[in-house]
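The values are calculated or read from the model by the stated rules, or taken from the named source; none is laboratory data. Predicted, not measured: the structure shown is a model, and the values here were computed from it. A quick note on method: Cβ atoms are made from the backbone with ideal geometry, for glycine too, and the neighbour counts reach across all protein chains shown. Keep in mind that these areas ignore ligands, DNA and RNA; they rest on the heavy atoms of the full protein, side chains included. Shrake-Rupley method; radii C 1.70, N 1.55, O 1.52, S 1.80 Å.
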Amino acid sequence: MFKLKRLVRIVMAAVTAVLAQGAAAQAAELKVEHVTDNVYAIVGPYEQRNATNFANNATFGFVVTDEGVLLVDPGGSYKGAAQVDAAIKTITDKPVKIVINSGGQDHRWLGNGYFKERGARIIASEDAVADHKERLNDYFFMLTNLMGKDALAGTDAVYAEETFANELDLDFGGHRFEIRHVGSAHTLGDAFIWMPDTKVMFTGDIVYVGRMLGIGPAGNTASWIETFDAMAAYDPKHIVPGHGPATDLRRATQETYDYLVYLRTMIGRIIENGGLIAEGVNIDQSMFQHLAVFDQISKRNAQAVFMQMEFE
C-alpha cells in the first residue's frame, strides 16, 4: 500500500511538472513586464499572426487585486487566450475575473470564450461589439489563412455581455477603472482604460510603440488624433500600449501621435497642390524607419491617408 501511494505521488508530480512546462511553453512568446504595483504588461511579438503566436501579436495588460485579476484584452484566439492566461500565471494564481475588450481587432476579443468559460465578466464599448459582429467573417477568413484551422481550434465569437456607449466607471479590487470611448482610432470602438490611483493608462490600439502603426479599418486618422489627445489629457505616468513594451507619454506621442500628424500634414499639402496619389505614397517617412515593419507598411499607410483625406 505504501509503495502504491508513493507511486501515485511520483506520477502526480510528473504530471504537474509536464503541465507546468506546457504553461511555460505557451507563455514563451509573451514577455511579462512589471509596470508598477500589481500592474503588468504582456508583450507579444511584432510579427504577423501565425500558427505559433495564435494571433497574440499585440500587447495586453492586467492588474492583480485582492478580488482577482482584471485583464485588458484576452488574446486573438482560444489558444491565444490560454497563452495569455499562462503568462498571467507566472505572476499570480488568482483567476481572471474581468476582461475588458479595448477595441475591434481580433486580439482584443476573440479570446473571450476561454475566459468566459472560466467565469469572467466581459466588457466592451457598444461600437466595439458592433465592429466585432460586422467583421466576424473577415476575422475567421484571415486567421484561417494565416494560422490554419488547428491553431484556431476552439475559437468562437463570444461577445461582451456588458457594454457602454461612451464611458463606464468600474470599481474592482480596491481600484477604479475609468473606461472611455471618445471616438474611433485604429478601429471604430477603441477605448482607453485609466487607473487614477496608479496613473496607468491602458490604450489598446490607440497607441503603438516599437512598431509602425497601421491605418486601421476605422479609416479616420483625424479622429485617431483627437482620441489620442483625449487620452493624453489624463497625463499618464505609465502607458500599456496596444503594441510594444510599456512606455510613457513622451514615447507614445513620438511614435503614434507625431506619425499620424506628419502623415496628414504631408498628404494634405500634396492634395492642396493638386498632387496625385503616387506622390503621396512616396513621401519621405525615413524619420520613422526605426520602427518595426516600416518596410512592409509605411507606403500602405500613406496611400490610406491620401484616400481618406481627398474626400474630407
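Brief remarks on what is shown
- Output for segment 168-200, where each listed residue is without any contact (Cβ under 8 Å) to a residue 40 or more places away in the chain and not charged (D, E, K, R): Pro196
- Of the residues making up segment 286-312, those that are touching a strand residue (DSSP E or B) at 6+ places or on another chain (Cβ under 9 Å) and part of a loop (DSSP other than H, G, I, E, B) number 2.
- Just one residue in the set Ile271, Ile283 is part of a helix (DSSP H, G or I) and more than 20 Å from the chain's Cα centre (by Cα); that residue is Ile271.
- Index of the failed condition, Lys31 passing every other in (1) open to solvent by 50 Å² or more (accessible area, probe 1.4 Å); (2) under 18 Å from Lys94 (Cα atoms); (3) modelled with pLDDT of 95 or more; (4) not β-branched (Val, Ile, Thr): (2)
- Pairs where the first residue, in segment 206-220, is closer than 14 Å to Tyr259 by Cα and the second is part of a loop (DSSP other than H, G, I, E, B) and among the basic types (Lys, Arg), C-beta under 7 Å, 6+ apart: none
- Selection count where residues are part of a strand (DSSP E or B), aliphatic (A, V, I, L, M) and either at positive phi or free of Cβ contacts under 8 Å to residues at least 60 places away in the same chain (or both), scope segment 224-249: 1
- Some residue of segment 258-265 being surrounded by fewer than 17 Cβ atoms within 10 Å (Cβ to Cβ) and of a type in the set (Lys, Arg): no
- Cβ separations smaller than 6 Å between residues 6+ apart or across chains give the following pairs from segment 104-121 residues that are under 17 Å from Ile42 (Cα atoms) and of a type outside the set (Phe, Trp, Tyr) to residues that are assigned to a helix (DSSP H, G or I) and at pLDDT 95 or above: Asp106/Tyr139; Gly111/Gly80; Gly111/Ala81.
- Extreme residue, nearest to Glu29 (Cα to Cα), among residues of segment 42-75 that are open to solvent by 10 Å² or more (accessible area, probe 1.4 Å) and part of a strand (DSSP E or B): Val43
- Enumeration of residues in segment 86-118 that are out of contact with any helix residue (DSSP H, G or I) (no Cβ under 7 Å at 6 or more places or on another chain), open to solvent by less than 60 Å² (accessible area, probe 1.4 Å) and more than 30 Å from Ile215 (Cβ to Cβ): Ile88, Thr92, Ile98
- The conditions of being more than 27 Å from Pro74 (Cα to Cα) and within 20 Å of the chain's Cα centre (by Cα) are met by Tyr259.
- Residues being open to solvent by 90 Å² or more (accessible area, probe 1.4 Å) and in contact (Cβ under 8 Å) with a residue 24 or more places away in the chain - total across segment 122-157: 4
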